[in-house]
Amino acid sequence: MDRKKIDIVIPCFNESKCVDLIYKALKKLFESELSGFDWSILYIDDGSQDDTLEHIVGLSNSDNSHVRYISFARNFGKESAIYAGLENVDGDYVALMDADLQHPPHLLVEMLHAIEDEGYDCATARRVKREKESKVRNFMSNAFYKVINWATGMKLAPGMTDYRLMKKQVAEAIVSMREHERFIKGIYSWIGFRSKWIEYENVERVEGDSKWNYRGLWNYAKTGIIAFATTPLRAVIYLGFLVIGISFVYAIRLYIMSVTGTRPWQDTTTIILLLLFLGGVIILLLGVIGEYLARIYMEVKNRPIYIAKEKKLDK
């Protein structure tokens, strides 16, 4: 009977201290609990500015049968790195995980059980405890999931991560979606397939610092909402009706005041406030429309999702 193969895709950006550690952890796992499977690591160097690529090349030279890599010409972002990895795998199962060991490798055992024994198409890790993160960040994260689920009709679970194991068919479905403004969590939900949540407690990075800051998280959240929701555009219509309604009510008020002889409150101030209000509404609406137009503009250019400077995919 042929042995099944698991490909592990690991995006890396300035992770020189972690690539060796994740390799050793996975090698130990496949030599013990998962010894019945063939395996391969595909590192995606996302334009790292440190010596991450040198570490990956060194691992590839020392373990030619298990380590492959793709190195980008510049930093294209984690979403592009995920796409590149899923596009170049050939195993029966595909795992996606971070290099910093915040995604515990031993969860692969439970994920495999969910797929092979319970009939799921993929298994996804979900963090259930994040005590060491700030309350502000936790609040914003939970608020984001509520907003995007309401706006898009998707069912994204708070704490869901990119760490998952999937059948090759699922990976092929993700790769078939070639949009450039990618939001992988939304893509997971959109393509469907039966997925099981594997819960785990948050794990600290073994080395280095997180690449995410509040600005990056805000841009990521904005991309996710715009990529899968037309609700902001439809809200423009309702906001327009609201402004018309307010104007109509105010016109009636002025008419009543003129009929009764009551002096209107500071006519000049009223006009200025109305102009500021309507001007702000118009600018806001143009901003919303502009965000969508900007993404359409980037899509119609049809540029490649990534450009590889160096790669090693053959064993």
Within the range 49-68, work out how many residues are in contact with a strand residue (DSSP E or B) (Cβ under 6 Å, 6 or more places away or on another chain) and open to solvent by 20 Å² or more (accessible area, probe 1.4 Å).
2
Which residues, counting only those in the range 1-47, are in a strand (DSSP E or B) and acidic (Asp, Glu)?
Asp7, Asp38, Asp45
With respect to the numbered conditions (1) within 24 Å of the chain's Cα centre (by Cα); (2) among the aliphatic types (A, V, I, L, M); (3) under 24 Å from Ile307 (Cβ atoms), which one is the sole condition not fulfilled by Val57?
(1)
Return the residue satisfying two criteria in turn: it lies in the range 181-193 and is surrounded by fewer than 17 Cβ atoms within 10 Å (Cβ to Cβ) and in a loop (DSSP other than H, G, I, E, B), and of such residues it is modelled with the highest pLDDT.
Phe193
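For every residue, the table says whether it meets (1) of a type in the set (Lys, Arg); (2) more than 20 Å from Lys312 (Cα to Cα).
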| position | (1), (2) |
| --- | --- |
| Leu21 | no, yes |
| Lys27 | yes, no |
| Gly36 | no, yes |
| Ser48 | no, no |
| Phe72 | no, no |
| Leu86 | no, no |
| Met97 | no, no |
| Leu101 | no, yes |
When you scan the range 34-49, do you find a residue that is touching a residue at least 12 places away in the same chain (Cβ under 8 Å), touching a Pro at 6+ places or on another chain (Cβ under 9 Å), closer than 14 Å to Asp7 by Cα and not hydrophobic (A, V, I, L, M, F, W, C), even just one?
yes
Residues of the range 243-258 classified as open to solvent by less than 100 Å² (accessible area, probe 1.4 Å) and either modelled with pLDDT under 70 or of a type outside the set (Phe, Trp, Tyr) (or both), total:
11
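The values are calculated or read from the model by the stated rules, or taken from the named source; none is laboratory data. Just so it is clear, the model here is predicted, and its values are computed rather than measured. Because the Cβ atoms are built from the backbone with ideal geometry, glycine has one as well, and the counts that use them run over all protein chains shown. For the accessible areas, the whole protein counts, side chains as well, though only heavy atoms, and no ligand, DNA or RNA atoms are used. Shrake-Rupley method; radii C 1.70, N 1.55, O 1.52, S 1.80 Å.
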